[in-house]
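Below is one structure; the comments refer to it alone.
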Amino acid sequence: MSIGTGIVLVVIGAILTFALDLQVEGINFDLVGYIMMAAGAVVFIIGLLLMMRKRTSVTTVRNGTDGANGSVSERRTSTTPDETI
């Protein structure tokens, strides 16, 4: 979601900066557009970094008894983004 938000901010900022020619007292639309484009680039980069980080979840299940004659079965599951579809 942050990647899409970054793209939207860049597009709106570019429209304010390059496409509109509005003159309103107290508001500089060019500056607002540049600020929105910079914020969109930062949000986009943060979104990419969060998406590319490695996520791992490990599940361990133990069944059985832990006595001298008992049996123990253990199952481990590891999931990373490359393994999921």
Worksheet entry | Flag if PHE44 is open to solvent by 80 Å² or more (accessible area, probe 1.4 Å) and either part of a helix (DSSP H, G or I) or touching a residue at least 40 places away in the same chain (Cβ under 8 Å) (or both) | no
Discussion item. Here is a check on your reading of the model: is ILE3 open to solvent by less than 90 Å² (accessible area, probe 1.4 Å), of a type in the set (A, V, I, L, M, F, W, C) and modelled with pLDDT of 90 or more?
Written reply: yes
Practice prompt. Would you be able to tell me the number of residues in segment 6-29 that are of a type in the set (Phe, Trp, Tyr) and loosely packed, with under 14 Cβ neighbours inside 10 Å?
Written response: 1
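The values are calculated or read from the model by the stated rules, or taken from the named source; none is laboratory data. Given the structure is predicted, the values throughout are model-derived calculations rather than measurements. Neighbour counts run over all protein chains shown; Cβ positions are idealised from the backbone, glycine included. Calculation scope for accessible area: heavy atoms of the full protein, side chains included, ligands and nucleic acids excluded. Shrake-Rupley method; radii C 1.70, N 1.55, O 1.52, S 1.80 Å.
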